Amino acid sequence: MLNLQLSRCKSGGAMSTSSIESLQIDQQTLLEKLQSLGPWMQGSLIRRYVRCGNPSCHCSQEGDPGHGPHWYLSRSRKGKTMTKKIPKHQVEQVQQQLQRYHVFQDIMHELMETNNRICELMLKEQQAAEGTAAKKRGSGQNSRRK
Ligand SMILES: [Zn+2]
């Protein structure tokens, strides 16, 4: 019975090798996704209505939303918030770039998880290999078992 369990352990080791491989395939897929993502940018798009200050303009009247909307890109850089006006015809493009940043973050998160699992499995396999090597040396067969 004990021998059967040991041989099952060995095939289990082979299985974890294949899952490292499948994780590495996942890793490749994620890297390819990252490469084909397209330009992305971190920040947020702000919509503003402005009042020109001309008292005869419609925007000076109460209840008038003002001129606009005007679009601004807000980004924090080195602790400072930078705001840049975005022309109307580029708003859609900027929106896409900002959305891609979230996709980028998702991919990066998955990539981190995949890499963590690969490393964990590698450590496990090494330990298993060291365990079998120790058993092969034959010293204290049962005392080394956890
Ligand atoms: Zn006005």
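Read the figures in this text as sums done on the coordinates, not as results from a lab. Note that the coordinates shown come from a computational prediction; the quantities given were computed from them, not determined experimentally. Glycine gets a Cβ as well: all are built from the backbone with ideal geometry, and neighbour counts include every protein chain shown.
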Report summary line: Expected vector for the range 113-130, Karplus 3J(HN,Hα) from phi with 6.51, -1.76, 1.60 and θ = phi - 60°, integer Hz, x for Gly and Pro, equals 4, 4, 5, 4, 5, 4, 5, 4, 5, 4, 4, 4, 5, 4, 4, 5, 5, 5
Report summary line: Note on the range 14-133: contact order normalised by length, alpha-carbon pairs under 8 Å, 6 or more apart, percent, works out to 31 percent
Query raised in the report: For GLU110, what is the net charge nearby, where nearby means another residue's Cβ is under 11 Å from its Cβ and Lys, Arg count +1, Asp, Glu -1?
Result: -1
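Taking the Cβ of MET41 as the center, what net charge do the other residues with Cβ under 13 Å away carry, scoring Lys and Arg +1 and Asp and Glu -1? The partial results should precede the final answer.
Numbers: positive: ARG75, ARG77, LYS84, ARG100; negative: none.
Within the 13 Å Cβ shell, the charges total +4.
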Query raised in the report: Distance in nm between label sites at ALA129 and GLN35, each 7 Å beyond Cα in the beta-carbon direction?
Result: 2.8 nm
Query raised in the report: Once both labels are modelled 7 Å past Cα along the beta-carbon direction, what's the SER60-GLN95 spacing in nm?
Result: 3.4 nm
Query raised in the report: How about the range 38-88: which trypsin sites (Lys or Arg not before Pro) there lie in a loop by DSSP and see at most 16 other Cβ atoms within 10 Å?
Result: ARG51, LYS78
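Taking the range 40-146, which GluC sites (Glu not before Pro) meet the DSSP loop condition and have no more than 13 other C-beta atoms within 10 Å?
Working: sites: GLU62, GLU92, GLU110, GLU113, GLU120, GLU125, GLU130; in loops: GLU62.
Here the sparse-neighbourhood loop sites are GLU62.
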Query - Using θ = phi - 60° and Karplus 6.51 cos²θ - 1.76 cosθ + 1.60, couplings along the range 26-32 (whole Hz; Gly, Pro as x) - result: 4, 4, 4, 4, 5, 5, 5
**Report entry** Alpha carbon centroid spacing (whole Å) that separates the range 73-91 from the range 18-32
**Finding:** 36 Å
Query raised in the report: Long-range amide H contacts for HIS67: which residues qualify at under 5 Å (H placed 1.01 Å from N, peptide plane, sequence gap of 5 or more or a different chain)?
Result: VAL50, ARG51, CYS52
